[in-house]
Structure formats: C-alpha cells, structure tokens
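Structure, as structure tokens:
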Amino acid sequence: MKGPVETCDVAVIGGGPAGLAAALCARRAGAGTVLVIERERALGGILNQCVHDGFGLFLYKETISGPEYAERLAEDVAREPIKVETGAMVLDLSPDRVLRINSREGYRLVRAGAVVLAMGCRERTRDMIEIPGTRPAGVFTAGLAQNLVNLRNLRVGNEAVILGSGDIGLIMARRLVFEGIKVKGVFEILPWPGGLERNVRQCLTDFGIPLELGATVVEIRGRDRVESVVVSGVDEALAPLPGTERIIPCDTLLLSVGLIPENELSKRAGVELSPFTGGAVVDERLMTSVPGVFSCGNVLHIHDVADWASFEGLAAGERAARYAAGERGPGRTIRVSAGTNVKYVLPQLLTAGTGGVEWSFRVKRPVRGARIEVTGKTSGRVYARKKYARLLPSELQKIKVQAAVDEDLEVTCHE
Ligand SMILES: Cc1cc2nc3c(=O)[nH]c(=O)nc-3n(C[C@H](O)[C@H](O)[C@H](O)COP(=O)(O)OP(=O)(O)OC[C@H]3O[C@@H](n4cnc5c(N)ncnc54)[C@H](O)[C@@H]3O)c2cc1C
C-alpha cells in the first residue's frame, strides 16, 4: 500500500459489543491512541436490531435490550479519549498492520501498533444451502428480516415458514407473531434445536408455534412471490426421505441456518483460520498467527450471548495495548485440541508455562450426564474436570485450568 500513513497504538475494526469493549480496555490498559472504525452510521453492531431484552445479564448484571446495551457501551467509549469513526470501512489489512480505510473523506492508510479484529459475522444464505426451486421474492435470512422489521418498520409477509432453529430464527418467530404474521412452523434438519433452550420455550412453546425436528425445506415454489414450500423429513445422514414431502402454503421463508465469521480482512492479513470455528486460530492472549493482530467476538467464533463477545473484547483490547507498548509473548506454544464429542475448543494455542486459562468449547451433540476433561497428551494428567447434567451444542461452555501447563492438551466430553 502506498501514500502517507497515519499511526495509532491500537486500531479496532468493528464497533459492535466486542470491538467497543476492546477499545475501552485497550485505552484503560494504557494505549495512548485508540481508533475504532465502524462501517455503519451508529456504533453497536448487531445489537441495534435486537430490540428484545435479555442482554447484559453478565456484563451489567441486569437484563436490557440490545440497543440499550449498545448505548451503554458507546457512552463508556465516549467518556474516554478514543477516536471513533463511523461510516468508515476498512478495505484492507496488511500483515504489518497497515489498514486501508474508506470514509467520507476518501481513502487513507493507518499503521497500528496492534489491531483488534471485531468484524462480527454474516448469515448463511439460500445459495449456500442450495434449496432447489424458483427464485421468487419473500426469502429472507432471519437477521435481514430482523433488520427490516425492527429498524425499518417494514412488514416482511403474511404467512411465514422458518427453516433452521438457530437463536435468530427463534427470536424472529416470536417477533413475526407480534407483527401479526402467522408462523406456520419452524423446521430443523438436526434432531435437536439449534438455539438456546430458553429461546425455544419463550419464543415457540409460549406462542404455540410448532417446531419440527429432523425436517427441511426441499423446494421453494412461487413465481413473483413465494407461494409455498415443500418440507420433507430426513434420514440419519440428513438426506431428504422420499415420500415424506408436504406442501406448506406461505408467502415468506426465513432462513436461520448458521452464521459465518466475517474474516475477509483477516485472510488479507494472512491470519490462519480454523476449519472448526471459521475464525482465527488464537493463543491465550487472543492473538492470531499474525503478530500484533488480535481477534474477538463473532469474527473469532459464533457467540450465543453478546456478553461473551464483550468479555472477549475486553481481553483482546488489553493484550493489544500491551503488545503496542512493546510486550512480546515468550517462545514455545502448546496445542490444545478438541477430542471426543467436542466440536471446538478455543484458544487453540497456549504459551508453555501459562496457568489460569479459561477455554471456551461447544459439544457436537446433546450429551446427558456429561463429564468434560482437560487432559495432558503426554502425561495423561487431568488438569481440569467438570460435570454437567446436560450439554447442548447451542450453548457455549467454559472450563478453566488453574495449573501452569507445559504439554499439549486435549478437551474431551465423556458420557
Ligand atoms: C442477527 C443476530 C441476532 C442476534 N440476536 C441476539 C440476541 O437476541 N441475544 C444475544 O445475546 N445475542 C444475539 N446475537 C449474538 C450477539 O448479538 C453477538 O454475539 C454480538 O453482537 C457479537 O458482537 P460482535 O461485536 O462480535 O459483532 P457485531 O455485533 O456483528 O459487530 C461487528 C461490527 O463490525 C462492523 N464491521 C464489519 N466489517 C467491518 C469493516 N471492514 N470495517 C468497519 N466495520 C466493520 C459491522 O458493521 C458491525 O457493526 C445475535 C447475532 C446476530 C447475527
């Protein structure tokens, strides 16, 4: 990249809950100049469209709505000498931490002592899951529908079917009912719900919305607008079962079929990504494979609760400030891998000799009477063990190892 280059100590890409928390903590940890770049006009990220309450229980010890949560974080940021640029987009990030930013003033380059990636995620679309049929209007991702209804006061249809039982789909099922839209059912291909149990209860059961597990949409019908969808049962390999098809008349199909960490910039910078999380491979400082580039929030791995994204932001911001001030990590790294029944574990790397580290993990499938163990791969020593009455893939879990670790680790889930 060419041209005059500005400098800052810590640059945070994305002004959602993770990015704002990172900026706050970077500043409080002593970073002199902190810059937040947010492409939208307002700070807060996805929180701005989540008008329901249930946010902030862990960070603020009370439940508030998404916009209130965003406002509190933005006010905290405004109290600090942190430079915030909204309506500005980072177009490129180089391995030596130069950001190319496009804003109303045009293009410019900023070299940062450390960078925090906090770009959030995007939703999987119809194309990605390849639903056959015609291409009429009326097919929305659940988050887009949430944006249209909550921020633009638009009505998305009259009779809806929801494919996928992720949290956003569940929350939107209830939201559509509030808007006077008939929700004919939520269909989930897996034999268990994708979202949190409390969302299944509060958003579907309480409103009499049927949830059908082990079922998927195999065809969309309609010329200009959706007229119906064809739903089918699936076998154990999740393939549609011939003979189980049913036509459900509707004018709207909402897709809640997964979120993808938004890592295009990370790739440009050469950050190593994990095939299991879709986000960066990080160590206990949340530093990626590119020195001085840290990652947190949904761009790192998908969070079900915004507070966890903020807590990760706080940790990444502090470490970014320390890196910008000259702190460098010591040498040898240990690998931490996901064993039996564990979908992923994060951080995946650990500096040898470090203790008191907390790991986030998800299980692959629901497990009753689960025992999670963190075991040394060489010694077989169990560093931490935790029992759970039940573990669900929808719930992000944490386990802490107090002892200093000097060997590769594996996190396993036993029944
Ligand atoms: C549709 C949806 C609904 C949700 N509903 C709930 C809920 O009801 N309750 C709950 O607890 N959690 C909910 N979550 C999860 C929670 O909101 C997230 O965990 C949290 O918002 C993640 O924070 P984040 O800062 O990582 O990402 P985001 O909130 O997505 O923020 C990322 C920000 O980065 C900006 N950005 C991205 N790329 C660039 C770039 N190149 N340059 C500049 N800016 C950029 C984006 O504009 C965005 O503002 C929801 C998530 C989604 C996607």
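List of remarks:
- Count Lys and Arg as plus one, Asp and Glu as minus one, and take only other residues whose Cβ is under 12 Å from that of Gly138; the net charge is then +2.
- When the C-alpha to C-alpha distance is required to be over 24 Å, the pairs from Lys343/Lys377; Lys377/Lys398; Lys267/Lys400; Lys343/Lys387; Lys267/Lys386; Lys83/Lys267 that qualify are Lys267/Lys400; Lys267/Lys386; Lys83/Lys267.
- Contour excess over end-to-end distance, with Cα ends at Lys386 and Ala404 and 0.36 nm allotted per residue: 4.7 nm
- Within the chain, antiparallel bridges make up roughly 60 percent of the DSSP beta bridges whose residues both belong there.
- C-alpha long axis of helix 167-178 to longest principal axis of the chain, angle in °: 50
- A simple spin-label model places the labels of Thr7 and Arg201 5.5 nm from each other, with each point 7 Å out along Cα-to-Cβ.
- The ranking of Lys387, Lys398 by Cβ neighbour count inside 10 Å, starting from the fewest, reads Lys387, Lys398.
- Since only Thr244, Val230, Thr333 are under comparison, the one whose Cα sits farthest along the positive direction of the charge dipole of the chain, derived from C-beta charges on Lys, Arg, Asp and Glu, is Thr333.
- Fraction of the pair-distance distribution of the range 85-231 above 20 Å, Cα-Cα pairs, percent: 58
- Per-selection Rg to Rh, the chain - Cα, Kirkwood hydrodynamic radius: 0.99
- R0 of 25 Å, Cβ-Cβ distance Thr63-Ala42: FRET efficiency to nearest 0.05: 0.70
- The modelled label-to-label distance between Asp53 and Arg368, using points 7 Å beyond Cα along the C-beta direction, is 3.5 nm.
- Residues of the range 146-164 with amide N under 18 Å of the 7 Å Cα→Cβ point at Lys182: 156-163
- Note on Tyr388, Tyr383, Tyr69: ascending count of other Cβ atoms within 10 Å places them as Tyr388, Tyr383, Tyr69, the fewest first.
- Judged by the mean number of other Cβ atoms found within 10 Å, the most tightly packed of the peptides 86-92, 296-302, 76-82 leads the ranking 296-302, 86-92, 76-82.
Read the figures in this text as sums done on the coordinates, not as results from a lab. Computed from a predicted model, the values in this text were never measured in an experiment. Methodologically, a virtual Cβ is constructed for each residue, glycine included, from the backbone with ideal geometry; neighbour enumeration extends over all protein chains shown.
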